[in-house]
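The values are calculated or read from the model by the stated rules, or taken from the named source; none is laboratory data. The shown structure was predicted, so the numbers you read here are calculated from the model rather than taken from an experiment. FYI the Cβ positions are ideal-geometry reconstructions off the backbone, even for glycines, and counts take in every protein chain you see.
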Amino acid sequence: MTKKLMHDWNLAHANIGRLRAPLDDPSMAGFADQLDRINQLGWRQPGFVQHVIEPGGSPRFYVFDDPHVIMNITVWESVEALHAFTYLSEHAAFYKRRREWFEPMDGPSLALWWIPPGHGPSPEEAKEQLALLAELGPTPLAFTFAARFSVKEMLAALAPA
């Protein structure tokens, strides 16, 4: 993939989880008390583009019909930029504690996909990507860190036969 092609697309990221308790429960303090700091850390990372925020909501996450299910949606310049933030920054220690705060879920809890610059993916789009990943496994249209696909592969998958 050429460098120019990479700049013509951004990486959308959604992760979803079911909280073990309400955010104001003392057992969730280790998560809730660190959210703003971790978000700000992400916003300062090289390659960060956008944190998709629910209209009128906080920049933390979307809450669904079940108040224990939350989703975070961010946009990055590349898979490598998001990977560096997730696993190589101070966020990694926070991420390692996720089982303290989140219950296991059926299906994938993270989806990655390519979007044109300036596009802010909606929660509905993110849910569609998670469903696509659950149905087909990683493809060029919805993938994971472990099974990555390039913009070129995504464009080839979308090309008419």
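Annotations for the structure displayed:
- Within region 146-161, the residues that satisfy the criterion of being charged (D, E, K, R) and closer than 18 Å to L133 by Cβ are R148, E153.
- Looking only at region 17-33, residues that are in a loop (DSSP other than H, G, I, E, B) and either at pLDDT below 90 or out of contact with any helix residue (DSSP H, G or I) (no Cβ under 9 Å at 6 or more places or on another chain) (or both) come to 4 in all.
- In the set L141, L132, L155, only one residue is touching a Leu at 6+ places or on another chain (Cβ under 8 Å), at negative phi and without any contact (Cβ under 8 Å) to a residue 24 or more places away in the chain; that residue is L132.
- Candidate set from region 63-94 (those that are surrounded by fewer than 16 Cβ atoms within 10 Å (Cβ to Cβ) and of a type in the set (F, W, Y)); member that is nearest to the chain's Cα centre (by Cα): Y87
- Hey, L5 in contact with a helix residue (DSSP H, G or I) (Cβ under 7 Å, 6 or more places away or on another chain), on the phi < 0 side of the Ramachandran plot and at pLDDT below 90 or not: yes
- Residue count for region 110-134 under the criterion of being over 13 Å from N10 (Cα atoms), touching a strand residue (DSSP E or B) at 6+ places or on another chain (Cβ under 9 Å) and not aliphatic (A, V, I, L, M): the result is 6.
- Set side by side, the residues P46, P116, P123 differ, and just one is surrounded by 12 or more Cβ atoms within 10 Å (Cβ to Cβ) and under 17 Å from the mean Cα position of the chain (by Cα), which is P123.
- Any hit, region 95-104, residues being surrounded by 18 or more Cβ atoms within 10 Å (Cβ to Cβ), under 30 Å from R37 (Cα atoms) and under 16 Å from the mean Cα position of the chain (by Cα): yes
- Within region 43-53, the set of residues being over 19 Å from S109 (Cα atoms) and touching a residue at least 12 places away in the same chain (Cβ under 8 Å) comprises Q45, P46, G47, F48, V49, Q50.
- Test: A81 is among the small types (G, A, S), touching a strand residue (DSSP E or B) at 6+ places or on another chain (Cβ under 9 Å), modelled with pLDDT of 95 or more and not in a helix (DSSP H, G or I): no
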